[in-house]
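Participant: This is the structure I have questions about; it appears just below.
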Amino acid sequence: MQVIENLKVKEKVYIETLENGLTVLIIPKKETEKKFIIWGTNFGSIDSKFIAPGENEITTVPDGVAHFLEHKLFEQKNGTNSLDTLTAIGVDANAYTTTDHTAYLYECNDKFYEALDEFMDYVQNPYFTKENVEKEKGIIGQEIRMYDDHPGWQVYINAMQCLYQNNPVRIDIAGSIESISNIDKDILYKSYNTFYHPSNMCLVVCGNFEAEAILEEIKKRLLPKEIIGEIQRIYPEEPEKVANKECKKQMEVSTPIFVIGIKDKVSKENMVKKHIAIEVLLNMIIGKSSKLYQTLYKQGLLLEEPDMQYEWSKEYAHITISAQSKDPKKVYQGIADTIQEYKKHGLELEHFDRIKRKIYGDYVKEFDDVADIARMFLADWMKGVNSFSYLEQYNAVTKSYAEEILKEVFLEDKTILSVVEPNSSSKEEK
Amino acid sequence: MKEKKIQIKEGITLHYIPTNKFKNNMLAVFLTTPLDRKTVTWNSLLTAVLRRGTKTMPSQEKISENLEKMYGASFDCGVEKTGDNQVLKFYMESLNNEFLPEKENLLQESIDILLEVVWNPYLENGAFSREYVEGEKHTIKQLIKGKIDDKAKYAVERTTELMYPNKPYGLYKFGYLEDLESITPENLYTHYQKLLQECKIDIFASGDIDKEELVSMLMQNEQIQKLQDRKPNFICHADASELEIPKTPNKVTESMNVSQGKLILGMYVDSKKPDDKYVALLYNAILGGNANSKLFQNVREKASLAYTASSSYIRPKNIIFIKCGIEIENEAKTLDIIEKQLQDIKKGEFSEEEIEICKKQIISAIKGIPEGQDTEIIYYYGQEIAGENVSLEEYIQKVNAVTKQDIIALAQMINVHTVYFLKD
């Protein structure tokens, strides 16, 4: 096993790639009682068009299949549901789907190995029937409806639709009630057989483990699988231009909420280093101690520090700045002006260094909770990154590099504004 | 007990919670005061004003700059409702010195900043700054109005109001719009001084911290030295106000622009025996606490009516909320299924196995308490306010001791108080 140690956070990761192609990452944590395991496949909501290994023809599946499959994988041939079984063992089990991966997980203090039997069994043994697939449509339909009432989700997905013309990141992870109505068991099996091969998956454990011992336990429970070829994923060509500069939707909210998005290019360059620089820049532009934030706060235009993210995968990259404001346009303008000013006059060194210190603390803090650590290693693996890289690359981010990134990424014509605003006359509309 | 309590002054307690699981040290100051229609808005505004500046760091900008220099230490504050109390919470989190790239002592600095925010605010002419008070009125106004933004939470909030009209627990923790106008920098400052003299004060320190060092840092702090003994004014859970019981459950339907209906049932546990709280915990788990529960299995898995179908037990008030998100037209159908589940538990139609599953789940959650710094602080605070001293081990024993007969017996004493439906 390969071992990588990080002296700053005093943690280690053990990495092993098994013969069948499965990657296993083990992060031992001696101080904690909690144990966490997560098994992810590189199959998310954007993977709806592909050529399966050994085939020549393109398969297109309805939107929302990865998420639907996540719900159904718990179903067992003997009529039981593995979520119930795991709960009954006494562990806390769950699953989730993102744009680029699907993950199954549980955490516990005791009964880890008892649960591991069930866990590794259900992820490796799908059982879909006409009835159990139909039944799930009502449940997922209500999940979609729940998000329909969620202003934060609506404003985000609208921002994606502004940023992207074709990339499926613009589509809701769960699909729509219409798209999921077309899902059947054959589609689920096809997707499972294509994407749930060990070579497309990564298993991460974090907690009080001996690396060698837990690796053996995992190997024992793996079903033999033939090596298969590569999956060819087909994504639509995405132009550099944004789809729409602006989008507004009306919902029953007290104050408008907004997402400002900045579209970036996916590139072969060092994305981790770029990511750190962007985090520093965002904090300098609109973070709590920035002049802009203080001004907007005093004017009552922001109530708290916006949420700032750089989201990227192998297929897309963008910045989001989200918050609530009575006048999102003014916040947008303030950000645009500050970016211009920083471009013109450069960054102030004292400010840059201070924010870098803050970011250092933020990265160290990510190594506290076993669940957060494992999720982070999995999500980063999907992008081809080892999570320690952020601490390793930290020193390489200089002020002049950040200034370069500012000029390259923070472009006015790549910036969009998505708003959900109150609609007092919503009743009359009906 | 892992937690060590140290009385600093009468009514002021330091809770020392040693742990080596985290990269951070977490400090907190909780000011506890009875929830009261007359002061609820004042306290919520006060908390917001205090975070704006201190004597040595007169603006938020200055506070933030200092925190950034301290490797992203974080300060946060807000108000919460715990039983019939309003709690003003102030948190400070910073890296343990062991994980700093250079040798520094962030603990000392963190204590100083936290205590200064609470006890040494920025003042102008012997009162709070007018700019800060007016600015934060605006913030609080938005928070109060923002109650409607999360429809699922809003539905629970409305149910609580309907169950406790004119009672402390029915109050909204951020307060009321109409109260804001009469608050001035001067009268808010007078209120602040009175609050500080009367409230219950709890200080928490969680992390890899040396006890002697911590105590000496606190005792030498000038804010602490200024504090006076007090007979703290707060409501112990046992003395909390009662729910008025309707002859038949209240039924309230309200409209909003929603695409999914939110169905909430507020229920009460009509028992005052302290150990019945552990029974109620199990009752709730069987009803809607996990994936094996009656609500999840019957409303969601069998009938496909919902994605969320669960229940939660509010221990300080001894009440349970059932929560379902459903198609609006399915209200009656869902209520029938829920009613059947409540009757089934009353009749004892649940297995020993279901009880075992729920016990395991609850115990696992109890064992998880020390895995989070805030969860551990909240646990010990809950004990403090309840006037109890139950260790996690005893807590597990109490849960394990609950029998099927206990649950059936308690189920007879659990009734629906209010059925609330939020639809379009």
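The values are calculated or read from the model by the stated rules, or taken from the named source; none is laboratory data. What you see is a predicted model, and the numbers here were worked out from it, not measured in a lab. Every residue, glycine as well, gets a Cβ built from its backbone with ideal geometry; the counts of neighbours run over all protein chains shown.
Participant: So is B:Glu131 more than 30 Å from A:Asn6 (Cα to Cα) and either among the small types (Gly, Ala, Ser) or within 13 Å of another protein chain (Cβ to nearest Cβ) (or both) or not? It would help to see each step written out before you state the result.
Facilitator: Numbers: more than 30 Å from A:Asn6 (Cα to Cα): yes; either among the small types (Gly, Ala, Ser) or within 13 Å of another protein chain (Cβ to nearest Cβ) (or both): yes.
Here the answer is yes, as B:Glu131 does meet what is asked.
Participant: Inspect segment A:302-325 for any residue being out of contact with any Ser or Thr (no Cβ under 9 Å at 6 or more places or on another chain), in a helix (DSSP H, G or I) and surrounded by fewer than 18 Cβ atoms within 10 Å (Cβ to Cβ) and give the result as yes or no.
Facilitator: The answer is no; no qualifying residue exists.
Participant: Tell me, which residue of segment A:177-199 that is more than 14 Å from chain B (Cβ to nearest Cβ) and assigned to a loop (DSSP other than H, G, I, E, B) is farthest from A:Pro224 (Cα to Cα)?
Facilitator: So the first thing to find is which residues in segment A:177-199 are more than 14 Å from chain B (Cβ to nearest Cβ), and the list is A:178-179, A:182-199.
Checking which are assigned to a loop (DSSP other than H, G, I, E, B) leaves us with A:182-184, A:196-197.
Numbers: A:Asn182: 32, A:Ile183: 29, A:Asp184: 27, A:Tyr196: 13, A:His197: 11 Å.
Among those residues, the one meeting the criterion is A:Asn182.
Participant: Please verify whether B:Ile414 is farther than 30 Å from A:Glu252 by Cβ, crowded, with 16+ Cβ neighbours inside 10 Å and either in contact with a Leu (Cβ under 8 Å, 6 or more places away or on another chain) or free of Cβ contacts under 8 Å to residues at least 24 places away in the same chain (or both), treating the condition exactly as stated. Spell out the reasoning first.
Facilitator: Details: farther than 30 Å from A:Glu252 by Cβ: yes; crowded, with 16+ Cβ neighbours inside 10 Å: yes; either in contact with a Leu (Cβ under 8 Å, 6 or more places away or on another chain) or free of Cβ contacts under 8 Å to residues at least 24 places away in the same chain (or both): yes.
So B:Ile414 fits the description; yes.
Participant: Let me ask something additional. Among the residues in segment A:280-298, are any outside any loop (DSSP other than H, G, I, E, B), in contact with a Lys or Arg (Cβ under 7 Å, 6 or more places away or on another chain), among the β-branched types (Val, Ile, Thr) and farther than 22 Å from B:Leu67 by Cα?
Facilitator: no
Participant: Now a separate question. When only residues in segment A:44-84 that are aliphatic (A, V, I, L, M) and outside any helix (DSSP H, G or I) count, which is nearest to A:Glu315 (Cα to Cα)? If you could, list the steps in order and put the result at the bottom.
Facilitator: Step one: of segment A:44-84, the residues aliphatic (A, V, I, L, M) are A:46, A:51-52, A:58, A:61, A:65-66, A:69, A:73, A:83.
After this cut, where a residue has to be outside any helix (DSSP H, G or I) as well, the list is A:46, A:51-52, A:58, A:61, A:73.
Numbers: A:Ile46: 9, A:Ile51: 17, A:Ala52: 19, A:Ile58: 19, A:Val61: 18, A:Leu73: 26 Å.
My answer is A:Ile46.
Participant: Consider A:Gln161 carefully, then state whether it is within 14 Å of chain B (Cβ to nearest Cβ), of a type outside the set (Gly, Ala, Ser) and within 20 Å of the chain's Cα centre (by Cα). First the steps, then the outcome.
Facilitator: Numbers: within 14 Å of chain B (Cβ to nearest Cβ): no; of a type outside the set (Gly, Ala, Ser): yes; within 20 Å of the chain's Cα centre (by Cα): yes.
No.
Participant: Then there is this: Just wondering, is there one or more residues in segment B:297-308 that are assigned to a helix (DSSP H, G or I), away from every other protein chain (no Cβ under 14 Å) and not basic (Lys, Arg)? Steps first, answer last, please.
Facilitator: Keep residues of segment B:297-308 that are assigned to a helix (DSSP H, G or I), which gives B:297-302.
From what is left, the residues that are away from every other protein chain (no Cβ under 14 Å) are none.
No: zero hits.
Participant: Report yes if B:Lys359 is within 14 Å of chain A (Cβ to nearest Cβ), of a type in the set (Lys, Arg) and in contact (Cβ under 8 Å) with a residue 40 or more places away in the chain, otherwise no. Explain how you work it out, then say what you get.
Facilitator: Details: within 14 Å of chain A (Cβ to nearest Cβ): yes; of a type in the set (Lys, Arg): yes; in contact (Cβ under 8 Å) with a residue 40 or more places away in the chain: yes.
Yes; evaluated as a whole, the condition is true for this residue.
Participant: If B:Val279 satisfies every condition in (1) more than 14 Å from chain A (Cβ to nearest Cβ); (2) under 23 Å from the mean Cα position of the chain (by Cα); (3) in a strand (DSSP E or B) but one, which is the exception?
Facilitator: Condition not satisfied by B:Val279: (3).
Participant: Tell me the residue from A:Gly40, A:Gly54, A:Gly44, A:Gly79 that is of a type outside the set (A, V, I, L, M), farther than 21 Å from A:Ile180 by Cα and touching a helix residue (DSSP H, G or I) at 6+ places or on another chain (Cβ under 7 Å), please. If you could, list the steps in order and put the result at the bottom.
Facilitator: Working: A:Gly54 fails: touching a helix residue (DSSP H, G or I) at 6+ places or on another chain (Cβ under 7 Å); A:Gly44 fails: farther than 21 Å from A:Ile180 by Cα; A:Gly79 fails: touching a helix residue (DSSP H, G or I) at 6+ places or on another chain (Cβ under 7 Å).
Going through A:Gly40, A:Gly54, A:Gly44, A:Gly79 in turn, just one is of a type outside the set (A, V, I, L, M), farther than 21 Å from A:Ile180 by Cα and touching a helix residue (DSSP H, G or I) at 6+ places or on another chain (Cβ under 7 Å): A:Gly40.
Participant: Any idea which of A:Ala174, A:Ala88, A:Ala95, A:Ala115 is among the small types (Gly, Ala, Ser), without any contact (Cβ under 8 Å) to a residue 24 or more places away in the chain and either in a helix (DSSP H, G or I) or within 13 Å of chain B (Cβ to nearest Cβ) (or both)? Before you say what the answer is, go through the steps one by one.
Facilitator: Working: A:Ala174 fails: without any contact (Cβ under 8 Å) to a residue 24 or more places away in the chain; A:Ala95 fails: without any contact (Cβ under 8 Å) to a residue 24 or more places away in the chain; A:Ala115 fails: without any contact (Cβ under 8 Å) to a residue 24 or more places away in the chain.
Answer to the selection: A:Ala88.
Participant: Can you tell me which residues in segment B:401-424 are in a helix (DSSP H, G or I) and either over 12 Å from B:Asp275 (Cα atoms) or not assigned by TED's automatic domain parsing to the domain that holds B:Tyr268 (or both)? Give the derivation first.
Facilitator: From segment B:401-424, those in a helix (DSSP H, G or I) are B:404-411; that's our starting set.
Scanning segment B:401-424 gives B:Lys404, B:Gln405, B:Ile408, B:Ala409, B:Ala411.
Participant: Restricting to segment A:18-31, and then to whatever is surrounded by fewer than 20 Cβ atoms within 10 Å (Cβ to Cβ) and within 14 Å of chain B (Cβ to nearest Cβ), can you tell me which residue is modelled with the highest pLDDT? Can you show your working first?
Facilitator: Residues of segment A:18-31 surrounded by fewer than 20 Cβ atoms within 10 Å (Cβ to Cβ): A:18-21, A:23, A:28, A:30-31.
Right, trim to within 14 Å of chain B (Cβ to nearest Cβ) and you get A:28, A:30-31.
Values: A:Pro28: 97, A:Lys30: 91, A:Glu31: 89.
By that ranking, first place goes to A:Pro28.
Participant: Further question: Wholly within segment B:84-179, which helices (runs of 4 or more DSSP H) include no fewer than the required count, namely at least 1 residues that are in contact with a His (Cβ under 6 Å, 6 or more places away or on another chain) and closer than 30 Å to B:Cys324 by Cα?
Facilitator: Working: elements: B:106-119, B:130-145, B:151-163.
Helices (runs of 4 or more DSSP H) meeting the threshold: B:151-163.
Participant: Those residues that are within 20 Å of B:Ala280 (Cα to Cα), within 14 Å of another protein chain (Cβ to nearest Cβ) and of a type in the set (Ser, Thr, Tyr), I need them from segment B:362-385; list them, please.
Facilitator: Within segment B:362-385, B:Ser364 is the sole residue that qualifies.
Participant: Under the condition of being acidic (Asp, Glu) and out of contact with any helix residue (DSSP H, G or I) (no Cβ under 6 Å at 6 or more places or on another chain), which residue from segment B:1-44 is surrounded by the most Cβ atoms within 10 Å (Cβ to Cβ)? Working first, answer last.
Facilitator: In the first step, residues of segment B:1-44 are kept if they are acidic (Asp, Glu); the result is B:3, B:10, B:36.
Still in the list and also out of contact with any helix residue (DSSP H, G or I) (no Cβ under 6 Å at 6 or more places or on another chain): B:10, B:36.
Values: B:Glu10: 11, B:Asp36: 15.
Applying the filter and picking the extreme gives B:Asp36.
Participant: Keeping to segment B:249-289, report how many residues are touching a strand residue (DSSP E or B) at 6+ places or on another chain (Cβ under 7 Å), more than 13 Å from B:Ala411 (Cα to Cα) and acidic (Asp, Glu).
Facilitator: So the answer is 1.
Participant: Looking at this structure, is B:Gly78 touching a Phe, Trp or Tyr at 6+ places or on another chain (Cβ under 9 Å), surrounded by fewer than 21 Cβ atoms within 10 Å (Cβ to Cβ) and touching a residue at least 12 places away in the same chain (Cβ under 8 Å)?
Facilitator: On the way: touching a Phe, Trp or Tyr at 6+ places or on another chain (Cβ under 9 Å): yes; surrounded by fewer than 21 Cβ atoms within 10 Å (Cβ to Cβ): yes; touching a residue at least 12 places away in the same chain (Cβ under 8 Å): yes.
Here the answer is yes, as B:Gly78 does meet what is asked.
Participant: Please work out if A:Gly229 is assigned to a strand (DSSP E or B) and either closer than 30 Å to A:Leu25 by Cβ or not aliphatic (A, V, I, L, M) (or both). Explain how you work it out, then say what you get.
Facilitator: Numbers: assigned to a strand (DSSP E or B): no; either closer than 30 Å to A:Leu25 by Cβ or not aliphatic (A, V, I, L, M) (or both): yes.
In short, no.
Participant: What residue, of A:Asp63, A:Asp110, is free of Cβ contacts under 8 Å to residues at least 24 places away in the same chain, out of contact with any strand residue (DSSP E or B) (no Cβ under 7 Å at 6 or more places or on another chain) and either surrounded by 21 or more Cβ atoms within 10 Å (Cβ to Cβ) or in the same structural domain as A:Ser179 (by TED's automatic domain parsing) (or both)? Working first, answer last.
Facilitator: Working: A:Asp63 fails: free of Cβ contacts under 8 Å to residues at least 24 places away in the same chain.
Among A:Asp63, A:Asp110, only A:Asp110 is free of Cβ contacts under 8 Å to residues at least 24 places away in the same chain, out of contact with any strand residue (DSSP E or B) (no Cβ under 7 Å at 6 or more places or on another chain) and either surrounded by 21 or more Cβ atoms within 10 Å (Cβ to Cβ) or in the same structural domain as A:Ser179 (by TED's automatic domain parsing) (or both).
Participant: Name, by its number, the condition in (1) touching a residue at least 24 places away in the same chain (Cβ under 8 Å); (2) more than 23 Å from the chain's Cα centre (by Cα) that does not hold for B:Tyr380.
Facilitator: (2)
Participant: Now a separate question. Please go through segment A:132-144 and pick out each residue that is out of contact with any Gly (no Cβ under 7 Å at 6 or more places or on another chain) and either within 11 Å of chain B (Cβ to nearest Cβ) or on the phi > 0 side of the Ramachandran plot (or both).
Facilitator: Filtering segment A:132-144 down to residues out of contact with any Gly (no Cβ under 7 Å at 6 or more places or on another chain) leaves A:132-141, A:143-144.
A:Asn132, A:Glu134, A:Lys135, A:Glu136, A:Lys137, A:Gly138, A:Ile139, A:Ile140, A:Gly141, A:Glu143, A:Ile144 - these are the residues of segment A:132-144 that are out of contact with any Gly (no Cβ under 7 Å at 6 or more places or on another chain) and either within 11 Å of chain B (Cβ to nearest Cβ) or on the phi > 0 side of the Ramachandran plot (or both).
Participant: What number of residues in segment B:396-407 are touching a helix residue (DSSP H, G or I) at 6+ places or on another chain (Cβ under 7 Å) and in contact (Cβ under 8 Å) with a residue 60 or more places away in the chain? Lay out the reasoning, then the answer.
Facilitator: First, the residues of segment B:396-407 that are touching a helix residue (DSSP H, G or I) at 6+ places or on another chain (Cβ under 7 Å): B:396, B:398-400, B:402, B:404, B:406-407.
Subsequent filtering for residues that are in contact (Cβ under 8 Å) with a residue 60 or more places away in the chain retains B:398-399, B:402, B:406-407.
Adding up the residues that qualify gives 5.
Participant: Of the residues in segment A:341-370, how many are part of a loop (DSSP other than H, G, I, E, B) and among the small types (Gly, Ala, Ser)?
Facilitator: So the first thing to find is which residues in segment A:341-370 are part of a loop (DSSP other than H, G, I, E, B), and the list is A:346-348, A:366-369.
Retained after the next criterion (residues that are among the small types (Gly, Ala, Ser)): A:346.
Count: 1.
Participant: Just checking, does segment B:45-68 include any residue being away from chain A (no Cβ under 12 Å), of a type outside the set (Asp, Glu), buried (at least 22 other Cβ atoms within 10 Å of the Cβ) and farther than 25 Å from B:Leu227 by Cα?
Facilitator: no
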